[in-house]
1. Residues to consider are ALA64, ALA84; find the one that is in contact (Cβ under 8 Å) with a residue 60 or more places away in the chain and aliphatic (A, V, I, L, M).
2. Specify the residue that is nearest to the ligand (Cβ to nearest atom); the eligible residues are those in segment 72-91 that are buried (at least 21 other Cβ atoms within 10 Å of the Cβ) and under 17 Å from ILE14 (Cβ atoms).
3. Quickly run through segment 48-61 and pick out the residues that are without any contact (Cβ under 8 Å) to a residue 24 or more places away in the chain and not aliphatic (A, V, I, L, M).
4. Which numbered condition in (1) more than 16 Å from the ligand (Cβ to nearest atom); (2) within 21 Å of GLU193 (Cβ to Cβ); (3) of a type in the set (S, T, N, Q) is the only one that THR140 fails?
5. Quick one: ALA33 ticks every box in (1) surrounded by fewer than 18 Cβ atoms within 10 Å (Cβ to Cβ); (2) more than 21 Å from TRP153 (Cα to Cα) except a single one, so which number is it?
6. Provide a single number: the residues in segment 167-183 that are within 13 Å of the ligand (Cβ to nearest atom) and among the polar types (S, T, N, Q).
Amino acid sequence: MARHKIGIVGIGKISQDQHIPVIRKNRAFDLVAVASTRGLTVEGVPHAFRNQTEMLEGVPDIDAIAICTPPQVRHAIAREILAAGKHVLLEKPPAATLSELTDLADYARERGLVLFTTWHSQYNEGVEKAREYLAPRTVTSLDIQWKEDVRKWHPGQEWIWDAGSFGVFDPGINGLSVATRIMPSPLFITKAELFFPENRDAPIAANLDFRIGDVTTNCRAEFDWRETGDEKWEMTVGTSDGSILKLTRGGRMLTIDGEVVVDGASEEYEGIYERFDELLNRREAHVDEQPFRLVADAFMSGRRITVEPFTE
Ligand code: NAP
């Protein structure tokens, strides 16, 4: 099968850390173009543009484009790419609002194009094994702890504090994407507290309570960007048959009742591009809005609490 000609829009941290090296390793793809508002070029990539408009004009036979910008600008960029008849991969979170995401999904479907919402944490072996283990069981408790140092993980990223950037939900949504993937019943937010620094428009921390099926107690998440030292990306799930499942290191490690079931390397983006290849070959969309919907629910139902100012 011919290789998919792919481009990337937005050459920031995640493009440089993951998308570029991972696409290069995958023989199903040819990285033919990048678009950077700062005018960055990437060695070995034949075409470099300022934006998707120039990319679509300059490489008319491109098959697909990965959008790795901040979420606020994704909808317009994705619409333009879909209008040109090209497939789209969206970094997480997929858009600025649920309405934007629904519009993109509908538009891609009407045009017979692939739209792929990626949630990188879901592409860990531990997550898949956890999903299989929990599928026939009843969950009785959930404790998600997603805590990291914002200065370490988002250095100089001012956009992340803008309204509509989701603040601490930018990493927290990874925990939610794992939870929605592995839970055998839907998750509902029953209470949310959002902690906003007094000088910022996005929360630095959040506490959520959930209902899972009929279970209304002991189901919670804590997200915090004020963690110093090692990050904590983990969740613990209890089941009615008394077992305790623990996913740590963002889903890379799974233990069940203290026994290590998976202790894998991080190959999240390798998994994303293997999946994208499958979707492109089948011309099939993959739109998972559940983690995003929970974030919207948290903002809709959340109580705002003002905390001390944040300076980088
Ligand atoms: P980043 O370093 O700020 O990179 C985003 C890039 O998008 C910028 O460097 C810029 O690249 C481009 N951009 C910025 N504003 C733009 C605009 N208004 N219009 C068009 N392009 C614009 O951020 P990032 O960490 O890579 O995050 C990008 C997305 O990836 C976020 O949604 C984030 O949640 C997700 N993500 C990040 C990580 C991580 O570890 N950082 C991990 C997984 C997922 P150019 O100057 O080249 O145009």
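1. On the way: ALA84 fails: in contact (Cβ under 8 Å) with a residue 60 or more places away in the chain.
Criteria check complete, one pass: ALA64.
2. GLU91
3. Within segment 48-61, the first condition is being without any contact (Cβ under 8 Å) to a residue 24 or more places away in the chain, and the residues that meet it are 48-50, 54, 57, 60.
The answer is PHE49, ARG50, GLU54, GLU57, PRO60.
4. (2)
5. Condition (1) is where ALA33 drops out.
6. 2
One line per residue, one yes/no per condition, for (1) under 26 Å from ALA95 (Cα atoms); (2) in contact (Cβ under 8 Å) with a residue 12 or more places away in the chain; (3) under 17 Å from the mean Cα position of the chain (by Cα):
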| position | (1), (2), (3) |
| --- | --- |
| ARG200 | yes, yes, no |
| THR228 | no, yes, no |
| THR236 | no, yes, no |
| SER240 | no, yes, no |
| ASP257 | no, yes, no |
| GLU274 | yes, yes, yes |
| GLU289 | yes, yes, yes |
| ALA298 | yes, yes, yes |
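One line per residue, one yes/no per condition, for (1) of a type outside the set (Asp, Glu); (2) in contact with a His (Cβ under 7 Å, 6 or more places away or on another chain); (3) at pLDDT 95 or above; (4) in the same structural domain as ILE20 (by TED's automatic domain parsing):
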position: GLY258; (1), (2), (3), (4): yes, no, yes, no
position: TYR269; (1), (2), (3), (4): yes, yes, yes, no
position: LEU279; (1), (2), (3), (4): yes, yes, yes, no
position: GLU284; (1), (2), (3), (4): no, no, yes, no
position: VAL287; (1), (2), (3), (4): yes, no, yes, no
position: SER301; (1), (2), (3), (4): yes, no, yes, no
position: GLU312; (1), (2), (3), (4): no, no, no, no
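The values are calculated or read from the model by the stated rules, or taken from the named source; none is laboratory data. Model, not experiment: these values are computed from the prediction. Reconstructed Cβ throughout: ideal geometry from the backbone, glycine too, with neighbour counts over all protein chains shown.
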